[in-house]
Amino acid sequence: MNVQIGVEEEFHLLEVESGLLVPRAEQVLRRLPRRGFTAELHQSTVESNSGVHASLDSLYADLSHTRRRLDAAASSLGLAVVAAGTAPLAPAVSGHPTADARYRRMVEEYRLVADEQLICGAQVHVDVPDRDTAVRVMCVISPWLPVLLALSASSPFWQGADTGYASWRTMVWQRWPSAGPVGCYADAAAYEAAVDELVQAGIISDPGMIYYDVRPSAHLPTLELRICDACPRVETVVLIAGLFRALVSDARDRLAAGPVACDGHHEWLRGASWRAARSGLEGPLVDPETRREASAARVVRKLLARLRPALEAHGDWQTVNALTRRALAEGSAARRIRHMAQEEDLLACVDVLIAETRGERRGRRTSPPGRRKTLPSTGPSVASTASGAPEAIAR
């Protein structure tokens, strides 16, 4: 089975000494090839776009290489990049939107919602044969997407304070009028009609502003996952990509076998997403089959068992199983950085996030008061350990 995947990752740009966001995306992008990197709504964010891949090994190598290039470009300016849902010391609002007509309209129309869009996500694209298939698949996989959010959770801090959430980015993101769980549609025509209604009503300016947890891509023949936080460790991105591809393939097989029952009530999904954002992997989730509270480990393992045939068909079972075990054993990124804040401070959290984004297992702890040293430039790549064996990614 050859279903290809690709990933878009968003990164915060930080001043290393202070840990604060800096609006210098234009300078960083000048040091990078135009293909594969782009600006976002705010100048404190840079987005990367992977190539198209058939294997998780090649996706891992691509993402690792891209992060090294981005880190080198930022480091040349005395900056660092962080892949996380929020930067721990982000300011209240941004005064530096990207100079683009579309972004300028968004800032003018959505005001504080746009001003506070100081968040980063990871999006995964999976090939689909046509938009009708993409639309029907969305309904089948939507109940399981909060589980992927829990795996990605990396944003417990906002404006220097612990929010009590594993993914505060989710709470910021869901303020957009077109964000959150997607409804059920019979086919692509029904979906497109619903999107057009939002445009004609002046709620969004174009189909690209559909920010549902999952959507047919506006410009590619793919289904796009949008629910996840940006992930400090590239291995987490690979895990989510493997699970999402398997979810899409599993849903296609179920639809091919006959009608898949749906009661049309997706209201509970918003609550399930809230639960995942609140808990991450460290508290309960909503079991999609029973719609009852269950431990995160139980729900994640249930998803893995459901997807094992699809994962094996793609040759992903060994990698995804190993990465899942590690994720459950070590906990979410939110847990790791919250623990660092309790042991030291938020600047230590920033160090950890910078290090993990670079592919290093541990970050430098905080320097003595009044003297905070810059982290060293990128060290050996984790990708160098991925010698072709799928399980090497999980080491």
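Go through Val82, Val16 for me and flag whichever is closer than 25 Å to Cys349 by Cβ and at pLDDT below 95.
Within the list Val82, Val16, the selection yields Val16.
Failed condition for Val28, given (1) touching a Gly at 6+ places or on another chain (Cβ under 9 Å); (2) crowded, with 19+ Cβ neighbours inside 10 Å; (3) not in a strand (DSSP E or B), with all others met?
(1)
Go through region 1-13 residue by residue and tally those that are of a type outside the set (Asp, Glu), surrounded by fewer than 24 Cβ atoms within 10 Å (Cβ to Cβ) and closer than 20 Å to Ile119 by Cα.
0
Pick from region 79-106 the residues that are free of Cβ contacts under 8 Å to residues at least 12 places away in the same chain and assigned to a helix (DSSP H, G or I): which of them is least open to solvent (accessible area, probe 1.4 Å)?
Among those that are free of Cβ contacts under 8 Å to residues at least 12 places away in the same chain and assigned to a helix (DSSP H, G or I), it is Ala101.
Please determine whether any residue of region 14-22 is open to solvent by less than 50 Å² (accessible area, probe 1.4 Å), in a helix (DSSP H, G or I), under 29 Å from Arg338 (Cα atoms) and hydrophobic (A, V, I, L, M, F, W, C).
No - not one qualifying residue is present in region 14-22.
So, of the residues in region 263-319 that are among the acidic types (Asp, Glu) and part of a strand (DSSP E or B), which turns out to be surrounded by the most Cβ atoms within 10 Å (Cβ to Cβ)?
By that ranking, first place goes to Asp287.
Inside region 332-348, can you point out the residues that are open to solvent by 20 Å² or more (accessible area, probe 1.4 Å) and among the small types (Gly, Ala, Ser)?
Ala341
Within region 219-242, how many residues are charged (D, E, K, R), open to solvent by 10 Å² or more (accessible area, probe 1.4 Å) and either touching a strand residue (DSSP E or B) at 6+ places or on another chain (Cβ under 8 Å) or over 22 Å from Ile119 (Cα atoms) (or both)?
Adding up the residues that qualify gives 1.
Condition first: surrounded by fewer than 20 Cβ atoms within 10 Å (Cβ to Cβ) and either at pLDDT 95 or above or closer than 21 Å to Val234 by Cβ (or both). Can you find one or more residues in region 365-375 that meet it?
Yes, some residue in region 365-375 is surrounded by fewer than 20 Cβ atoms within 10 Å (Cβ to Cβ) and either at pLDDT 95 or above or closer than 21 Å to Val234 by Cβ (or both).
Return only the number of the condition from (1) within 29 Å of Arg335 (Cβ to Cβ); (2) not aromatic (Phe, Trp, Tyr); (3) not in a strand (DSSP E or B) that His219 does not satisfy.
That leaves (1) as the condition not met.
Among residues belonging to region 139-196 that are among the aliphatic types (A, V, I, L, M) and in contact with a Ser or Thr (Cβ under 7 Å, 6 or more places away or on another chain), point out the one that is nearest to Phe11 (Cα to Cα).
Within region 139-196, the match that is nearest to Phe11 (Cα to Cα) is Ala153.
Identify, from the list Arg254, Arg245, the residue that is touching a residue at least 60 places away in the same chain (Cβ under 8 Å), of a type in the set (Lys, Arg), under 23 Å from Leu223 (Cβ atoms) and buried (at least 16 other Cβ atoms within 10 Å of the Cβ).
Arg245
Go through (1) modelled with pLDDT of 95 or more; (2) touching a Pro at 6+ places or on another chain (Cβ under 6 Å); (3) under 16 Å from Ala39 (Cα atoms) one by one and return the number of the condition Ala134 breaks.
All conditions pass for Ala134, except number (3).
Considering only residues of region 320-331 that are open to solvent by 50 Å² or more (accessible area, probe 1.4 Å) and under 20 Å from the mean Cα position of the chain (by Cα), which is nearest to Asn2 (Cα to Cα)?
Arg325
Where the second residue is open to solvent by less than 100 Å² (accessible area, probe 1.4 Å) and among the basic types (Lys, Arg) and the first is under 20 Å from Ala329 (Cβ atoms) and lies in region 290-313, which pairs have Cβ atoms under 9 Å and are six or more apart or on separate chains?
Here the result reads Ala294/Lys302; Leu311/Arg245, each pair linking region 290-313 to a residue that is open to solvent by less than 100 Å² (accessible area, probe 1.4 Å) and among the basic types (Lys, Arg).
Just one of Gly78, Gly36, Gly121 is at negative phi and not aliphatic (A, V, I, L, M); which is it?
Going through Gly78, Gly36, Gly121 in turn, just one is at negative phi and not aliphatic (A, V, I, L, M): Gly121.
The values are calculated or read from the model by the stated rules, or taken from the named source; none is laboratory data. Note that the structure is a prediction, hence the values are computed from the model and not measured. FYI the Cβ positions are ideal-geometry reconstructions off the backbone, even for glycines, and counts take in every protein chain you see. Heads up: the accessible areas ignore ligands, DNA and RNA and are worked out on the full protein's heavy atoms, side chains in. Shrake-Rupley method; radii C 1.70, N 1.55, O 1.52, S 1.80 Å.
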